[in-house]
1. For segment 58-198, what is the relative contact order in percent, using Cα pairs closer than 8 Å and at least 6 residues apart in sequence?
2. May I ask you to derive the relative contact order of the chain, considering only C-alpha pairs under 8 Å and at least 6 residues apart, and to give it as an integer percent?
3. Rounded to the nearest 10 Å², what accessible area does TRP295 show when all protein chains are kept and the probe is 1.4 Å?
4. Among the GluC sites (Glu not before Pro) within segment 155-250, which fall in a DSSP loop and have no more than 11 other Cβ atoms within 10 Å of their own Cβ?
5. Over 25 Å between Cα atoms, which of LYS70/LYS326; LYS79/LYS112; LYS250/LYS313; LYS70/LYS187; LYS250/LYS326; LYS70/LYS332 qualify?
6. Using a simple spin-label model with points 7 Å from Cα along the Cα→Cβ vector, what separation in nm is obtained for LYS187 and LYS250?
7. Counting helices only, and only those DSSP H runs with n ≥ 4, report the 222 nm mean residue ellipticity of the chain as the sum of -39,500 (n - 2.57) divided by its residues, in deg cm²/dmol to the nearest 500.
8. Residues of the chain: accessible area per residue at 1.4 Å, in Å²?
Amino acid sequence: MESIASFLENVPQALQWALAGVGALFLGSKLFSYLSLVLGSFLLPGTNLRKYGGPGTWAVVTGASDGLGKEYATQLAAKGFNLVLVSRTQSKLDTLAKEIEQRHPGKGLQVKTLAMDYARDDDADYERLREIVQGLDVGILINNVGQSHSIPVPFLETSREELQNIVVINCLGTLKTTQVVAPILQKRKRGLILTMGSFGGWTPTPYLATYSGSKAFLQQWSNALSSELSDYNVDVYLVLSYLVTTAMSKVRRPSLLIPNPRAFVKSALGKIGRGGYQTAPYTYTPWWSHAFLLWVVENAVGASNPLTIWFNKRSHFDIRRRALRKQAREAKKQ
């Protein structure tokens, strides 16, 4: 301690003040970030959806027949938005459209559907989508369609079909859909594009390498698009989430860290733009426990820190091992 005190006595006072100022700025930025996290998670609302259009405005939702997409459609309909629902299975789309129309009788709610298999990457499907939205007052696009791995898998053992489907659906499908719909938002000079991201893309995730890369791609693309379309008063955000109880996650029971689709989507639509505490711009993490987990990781070690990647690797290796054991048990029963 005496040597430290002696050293500090020889440091010029001006330098001491400069170092103290740097330290104060650093601590102040962390405090401000934490306050932003707390206020955004529990007190402050996000952008009101009415900014993007009143009742009767159209919203396009991809991957709409199940999970988060179904919830986005249901909750947007409850707020008075007409819907264009895009998903692979026409029967599921018809059922959802009928449910939504019956739930809101007498409101003149309109629902259009398009059965489209994004894995086919068929230009004719996108042309059909263009024909459906042509002339509609579209104010919102929800890019929800996506695919992950059936179970965690080493990249070198990933099947060619699974690898290609993930990239085609998550990346090309999202980009091509946005190229069809976004010009309407640009022309009307207001609108919202929400693209579903993932913690798997926010931090490198071994054993989900292809999925992780596809979601990281969407992060950078969405950030760039947001800057471009801001000149036209169109808001573009990536919505980050950890696990939600959907078919994709294969988690059935909600918990403190894993909400059900209804709760997550309610938060996503109610907290639009509340992500000032995050490293990535034009990104927000609507579910409060996901947001706190993200904040801790980003401020303690970093999303791309080797320690974070190692933890992800270990976790997904254990998930893969349990999944393989389950497959072996089920095979013995047959």
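1. Numbers: 204 pairs, mean separation 37.5, N = 141.
It comes to 27 percent, rounded to a whole number.
2. Once divided by the residue count of the chain, the mean separation gives 18 percent.
3. Counting only protein heavy atoms, the figure is 40 Å².
4. Values: sites: GLU157, GLU161, GLU162, GLU228; in loops: none.
Here no loop site has a sparse enough neighbourhood.
5. Working: LYS70/LYS326 29 Å; LYS79/LYS112 17 Å; LYS250/LYS313 19 Å; LYS70/LYS187 28 Å; LYS250/LYS326 13 Å; LYS70/LYS332 36 Å.
Beyond 25 Å: LYS70/LYS326; LYS70/LYS187; LYS70/LYS332.
6. 4.5
7. On the way: 12 runs with 174 residues, N = 334.
That calculation yields -17000 deg cm²/dmol at 222 nm.
8. Values: 17730 Å² over 334 residues.
Here the per-residue accessible area is 53 Å².
The values are calculated or read from the model by the stated rules, or taken from the named source; none is laboratory data. Bear in mind the structure is a predicted one, so any value in this text is a computation, not a measurement. Neighbour counts run over all protein chains shown; Cβ positions are idealised from the backbone, glycine included. Surface accessibility is based on the protein's heavy atoms, side chains included, excluding ligands, DNA and RNA. Shrake-Rupley method; radii C 1.70, N 1.55, O 1.52, S 1.80 Å.
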